[in-house]
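All remarks here apply to the structure that follows.
The values are calculated or read from the model by the stated rules, or taken from the named source; none is laboratory data. Quantities reported herein were computed from a predicted structural model and do not represent experimental measurements. Glycine also receives a Cβ, built like all others from the backbone with ideal geometry; neighbour counts cover every protein chain displayed.
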Amino acid sequence: MELREEIVQQLQDILEDLETYTTDHQDAVPAILVSLRETEQILQEVQKGFGGQAAHQRVEFLTKMLHTAKEEIEAGGVQDGLWFGKSVITFLLNGTSAGAVPVETEEYD
């Protein structure tokens, strides 16, 4: 799924903005939701530009994931919703969400 350079730049800017938000401050929630709505608009634009069933299904799935992220944030799960939203954008940019996955070290006995 190739994205136009303009769309890539928009997504990178949104991701950069989302990286600056902390989940400790409730006043960040409206700004996070605005960023996710912008991403949703970009996804709608992307969907119009792609033919083929596979690309259409992928964009539709990502749109649903983004909607879930917004619902999570609105329900008070800002950290989870923010992570989920950033994962969607990272997937669009890189083809994988691995860059947005928080990694925790597990200790084994």
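Counting only helices (runs of 4 or more DSSP H) that sit wholly inside the range 1-91, those with at least 1 residues that are in contact with a Phe, Trp or Tyr (Cβ under 9 Å, 6 or more places away or on another chain) are 29-49, 53-74. A residue that is surrounded by 15 or more Cβ atoms within 10 Å (Cβ to Cβ) and at pLDDT 90 or above occurs nowhere in the range 97-104. Across the range 58-76, what is the number of residues that are at pLDDT 90 or above, surrounded by 15 or more Cβ atoms within 10 Å (Cβ to Cβ) and either farther than 14 Å from residue 36 by Cβ or more than 12 Å from the chain's Cα centre (by Cα) (or both)? Residues in the range 58-76 being at pLDDT 90 or above, surrounded by 15 or more Cβ atoms within 10 Å (Cβ to Cβ) and either farther than 14 Å from residue 36 by Cβ or more than 12 Å from the chain's Cα centre (by Cα) (or both): 2 in total.
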